[in-house]
């Protein structure tokens with residue numbers, strides 16, 4: 001079987017002309033619809049692309065904000081820890097400095113006490129020495145005065161036997177006794 005069909009060429013051309021004359025309006029409408037459809041499709045595609053891009057930007061922004069927030073929280077925590085450590089170090093340093101100053105003041109106080117005691121002892125020793133010298137001088141002067149008093153008394157007493165005078169004068173060395181007449185002669 002063959003697939004060949006015989007067609008009247010002229011009739012076919014007439015039919016085609018009729019179709020061609022009626023088609024341009026439909027073609028134009030179809031073409032306009034297709035172009036409109038393509039424009040709508042492009043617009044929809046562009047809109048969808050914009051929506052996706054906006055969504056991606058917003059997601060990135062949110063992630064970025066979350067990252068910034070998280071980073072800020074981490075930095076704040078680190079700053080708190082650093083400030084805490086610095087405060088503790090400063091406190092420890094201050095306590096150590098106060099303790100060092102207290103020990104130094106204690107040592108200076110002890111040194112001052114030692115020096116004051118040494119000076120007091122030196123002053124006391126000097127005062128004792130001075131008092132001893134003054135008392136020794138007074139004793140010497142009193143002994144001299146006692147000798148003068150005894151000599152004066154001996155000269156004032158009437159002649160007593162030498163023995164009696166020795167007992168009355170005590171441990172006085174025997175001096176040649178002088179009589180009243182000797183005293184008047186002299």
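All of the numbers you see were taken from the coordinates with simple rules; none came from a lab. These numbers come from a predicted model, not from an experiment. Cβ atoms come from the backbone with ideal geometry, glycine included; neighbour counts cover every protein chain shown.
The Cα atoms of segment 21-170 cover 201, 16, 12 Å along the three principal axes, with the biggest extent listed first. I'd like to know how segment 1-80 sits against the 2.2 N^0.38 Å rule of thumb: what's its Cα Rg over that expected value? This ratio for segment 1-80 stands at 2.73. Please state, as a whole number in µm²/s, the translational diffusion coefficient that the Stokes-Einstein equation yields for segment 37-76 at 10 °C and 1.306 mPa s, with Rh defined as the Kirkwood radius across alpha carbon pairs. Translational D for this selection: 133 µm²/s.
For residue 121 and residue 88, the FRET efficiency from 1/(1 + (r/R0)^6), where r spans their Cβ atoms and R0 equals 45 Å, is about 0.40.
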